[in-house]
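S.K.: Just dropping this structure here.
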Amino acid sequence: MSAVATPSRRAILNLYHNMLRTSQSFSSYNFREYFVRRTKDTFRTIQNESDAEKVRSLYAEAVKESTVLRRSAVVNQLYGGWKLAVEVTDVEKRPESILERSDS
């Protein structure tokens with residue numbers, strides 16, 4: 001048996017919540033959707049695993065990914081670009097909110 005204890009359900013859920021929140025903080029739509037999907041897939045794998053040793057290793061890997069994800073989100077927020085067409089909200093689609101060019 002390993003000296004490191006198996007992470008509790010609460011610890012796993014806290015990490016999941018923090019990674020989802022971090023994933024949703026990306027300003028780039030494609031990165032945001034990718035990391036949300038990847039986070040959910042990672043934690044589904046942990047949820048379906050029954051071997052305690054494998055759960056420990058998956059959790060440790062997820063903790064490492066969480067720190068990388070946080071750093072990446074900060075960089076993405078600093079250098080975020082334009083919004084994509086799929087991100088435009090209903091408020092932004094209204095005709096009165098459309099700006100005209102000044103040279104026309």
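S.K.: List pairs: first in segment 73-94 and part of a loop (DSSP other than H, G, I, E, B), second at pLDDT below 75, Cβ under 9 Å, 6+ apart or cross-chain?
M.R.: 83/92
S.K.: Conditions: (1) among the aliphatic types (A, V, I, L, M); (2) at pLDDT below 95; (3) assigned to a helix (DSSP H, G or I). Residue 3 meets all but one. Number of the miss?
M.R.: (3)
S.K.: Residues in segment 11-28: is at least one of a type in the set (Ser, Thr, Tyr), free of Cβ contacts under 8 Å to residues at least 40 places away in the same chain and not in a helix (DSSP H, G or I)?
M.R.: no
S.K.: Among the residues of segment 54-61, are any among the β-branched types (Val, Ile, Thr), surrounded by 15 or more Cβ atoms within 10 Å (Cβ to Cβ) and in contact with a helix residue (DSSP H, G or I) (Cβ under 7 Å, 6 or more places away or on another chain)? Give the steps one after another, and end with the answer.
M.R.: Our first condition is that a residue be among the β-branched types (Val, Ile, Thr); within segment 54-61, this holds for 55.
Applying the additional criterion that residues be surrounded by 15 or more Cβ atoms within 10 Å (Cβ to Cβ) yields 55.
So of that shortlist, the ones also in contact with a helix residue (DSSP H, G or I) (Cβ under 7 Å, 6 or more places away or on another chain) come out as 55.
Yes, there is a match, as at least one residue in segment 54-61 is among the β-branched types (Val, Ile, Thr), surrounded by 15 or more Cβ atoms within 10 Å (Cβ to Cβ) and in contact with a helix residue (DSSP H, G or I) (Cβ under 7 Å, 6 or more places away or on another chain).
The values are calculated or read from the model by the stated rules, or taken from the named source; none is laboratory data. Not measured: the values here are computed from a predicted model. FYI the Cβ positions are ideal-geometry reconstructions off the backbone, even for glycines, and counts take in every protein chain you see.
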